[in-house]
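Input: a single structure, listed below in structure tokens.
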Amino acid sequence: MSWGSELWDQFDNLEKHTQWGIDFLEKYAKFVKERSEIEINYAKQIRNLSKKYQPKKTSREEEENKYTFCKAFLTTLNELNDYAGQHEVIAENLTSQIITELSRYLQDLKTDRKSHFHDGRKAQQHIESLWKQLESCKRKFERDCKEADKAQQYFDKMDADINVTKADVEKARQHAQVRHQMAADSKSDYSSYLHKFNQEQNEHYYTVIPNIFQKLQDMEEKRIERLGACMRTFADVDRQVIPIVGKCLDGMSKAAEAIEAKTDSKQVVESYKSGFEPPGDVEFEDYEQAMKRAVSESSLNNSRGEVRERPTGKSKGKLWPFIKNKNKGSGPEDFSHLPPEQRRKKLQGKLDELNKDIQKETDQRDALTKMKDVYVKNPQMGDAASLDPRLAELGQNIEKLQFEVQKFEGWLAEVEERMPSKSDTHRRSGLYESHSSGAVNNNCAQDRERPSSSPDGSYTEEQNSEIHEKANVANAKPPPVAVTPEFDDEFDDEESLPTIGNCKALYPFDGHNEGTISVAEGELLYVIEEDKGDGWTRVRRNQDEEGYVPTSYVEVFLGTNAKGAMTYI
């Protein structure tokens, strides 16, 4: 069905219909835009929700993150954040693939429609002008015919009248002839214009208007097809993110499946285990014997002024459940306010931090030492003496850290020595069973030590024993550095450093000195150690050829894992 042949007389209706089609397309573009805004707002709300429930960087939150259900919830929050990102992708694709394209297409569509209807109106005006000319010729022919007929009637009347002179008759005859000639000319003009109008009219209704309407029909069909394509894209944009959304949901499900109640229960033990032993049996105190009543070790109301006998054997654990810790602050440096097991964990964690700091300071000192050697061999590259203050400062820092390590290792050894072992537990259990009901309380004092609390609520051992052990720690020799330069060299020989990025040589470098490598201008190399402030970058050409080059000689492109890779250097 063609608009040109079927709707040749519906110019106005087609104009209204095509305008309605453009309005509908604009309405659909507005619908997609609002959907995109909804997706953006939804993604923003999801991100804010995920951010709101992200664990804070506090000590309590770090402790909570040890549990599997807390880790699962954290994974869910991270996956939810990725899930929000997919809705942002939907909004972005809707904008780029539909809204932007439709806006551009609507402008072209309006321009084409305006051009087509302008041509149609021009054709209509042309045929209407021809029709007016034809009507004018027709009226002129009609008027000339009437005038010729009237002149002929007047001539016949004059010719029949005997009273009229011959001259008047001749004049009337000539006038009638002129009128007849004018009528004949008008007839010829009218016939010519009629033939021309019919040709123009035929071309207008069978050629010009059908061509214009066909263009309008093609334009409308393309608009409809474009709208259908946009609707398919509207659905495909959602369908494209479904696999990634599914992965996010799978991640949430796997996180939930990874929750282990037994593991969390074990973690509770690890977090709150004090290391104390439960109190033993309370022994019978015989009041019939004529001796001074000994202090019962199970009594919890023992005053600070009472004299206690020091047990000769290894002391048992404190009665932790019966004494409240009133210390609300961070506690002393040696964590003596904590139970033995928790104190041991804190001391071990502090030692690990100190060893990392020592390793960091040692690496910096080694780098500066290498740089100093290069300056000594090549004075033009820098002043070696300028590095001495920094080297001295690093040496002092390492000595301080080593002293701290020595101090905390002493405290850790003290705690581990006082913590009861399983063999002690069995031995003491047998010892309690072997006591008779009439045993004196001196045996009780040797088998179990009464706990005492310091004024601030922290738990301490006997003063003399503590002073003696701290003196032993002070006299001990400092432990060796966690990682020595020799060990570092051996580590480098055994395992190559990971690549953390690439670099491009800006200038040629000879690299004659030991530890350096020669490079050519424009050469591409792998970066295996970033500049630590000494002006040198460690690079690798192949698996076996590596060395240092001046940082100012190369342009470095570090990868995303550069920060993590530095932990191996």
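The values are calculated or read from the model by the stated rules, or taken from the named source; none is laboratory data. These numbers were taken from a predicted model, which means no experiment stands behind them. Positions of Cβ are backbone-derived with ideal geometry, glycine not excepted, and every protein chain shown enters the neighbour counts. We work out accessible area using only protein heavy atoms, side chains counted, and drop any ligands, DNA or RNA first. Shrake-Rupley method; radii C 1.70, N 1.55, O 1.52, S 1.80 Å.
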Check on residue 93, in contact (Cβ under 8 Å) with a residue 40 or more places away in the chain and part of a helix (DSSP H, G or I): yes
Tell me, which strands (runs of 3 or more DSSP E) lie completely within the range 503-563 with 1 or more residues that are in contact with an Asp or Glu (Cβ under 6 Å, 6 or more places away or on another chain) and open to solvent by less than 50 Å² (accessible area, probe 1.4 Å)? 536-540
Going through 217, 240 one at a time, which residue ends up being open to solvent by 90 Å² or more (accessible area, probe 1.4 Å), part of a helix (DSSP H, G or I) and polar (S, T, N, Q)? 240
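Here is a yes/no grid of residues against (1) part of a helix (DSSP H, G or I); (2) of a type in the set (D, E, K, R); (3) at pLDDT 95 or above; (4) surrounded by fewer than 17 Cβ atoms within 10 Å (Cβ to Cβ):
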residue: 1; (1), (2), (3), (4): no, no, no, yes
residue: 5; (1), (2), (3), (4): yes, no, no, yes
residue: 8; (1), (2), (3), (4): no, no, no, yes
residue: 13; (1), (2), (3), (4): yes, no, no, yes
residue: 16; (1), (2), (3), (4): yes, yes, no, yes
residue: 31; (1), (2), (3), (4): yes, no, yes, yes
residue: 34; (1), (2), (3), (4): yes, yes, yes, yes
residue: 41; (1), (2), (3), (4): yes, no, yes, yes
residue: 50; (1), (2), (3), (4): yes, no, no, no
If the Cβ limit is 6 Å and pairs must be 6+ apart or interchain, which residue in the range 501-527 that is charged (D, E, K, R) pairs with which residue that is in a loop (DSSP other than H, G, I, E, B)? 510/518; 521/507; 521/508
Any pair with Cβ under 9 angstrom, 6 or more apart, that starts in the range 120-135 at a residue that is within 16 Å of residue 189 (Cβ to Cβ) and ends at one that is open to solvent by 80 Å² or more (accessible area, probe 1.4 Å) and part of a helix (DSSP H, G or I): 130/193; 130/196; 133/193; 133/196; 134/193; 134/196
Inspect all residues belonging to the range 96-103 and state whether any of them is of a type in the set (Asp, Glu) and either free of Cβ contacts under 8 Å to residues at least 24 places away in the same chain or within 15 Å of residue 32 (Cα to Cα) (or both). yes
In the set 86, 125, the lone residue that is part of a helix (DSSP H, G or I) and open to solvent by 30 Å² or more (accessible area, probe 1.4 Å) is 125
Got a sec? Which of 206, 190 is in a helix (DSSP H, G or I), among the aromatic types (Phe, Trp, Tyr) and without any contact (Cβ under 8 Å) to a residue 12 or more places away in the chain? 206
Please go through the range 254-289 and pick out each residue that is farther than 30 Å from residue 72 by Cβ and aliphatic (A, V, I, L, M). 282
Hey, residue 136 hydroxyl-bearing (Ser, Thr, Tyr), open to solvent by less than 50 Å² (accessible area, probe 1.4 Å) and at negative phi or not: no
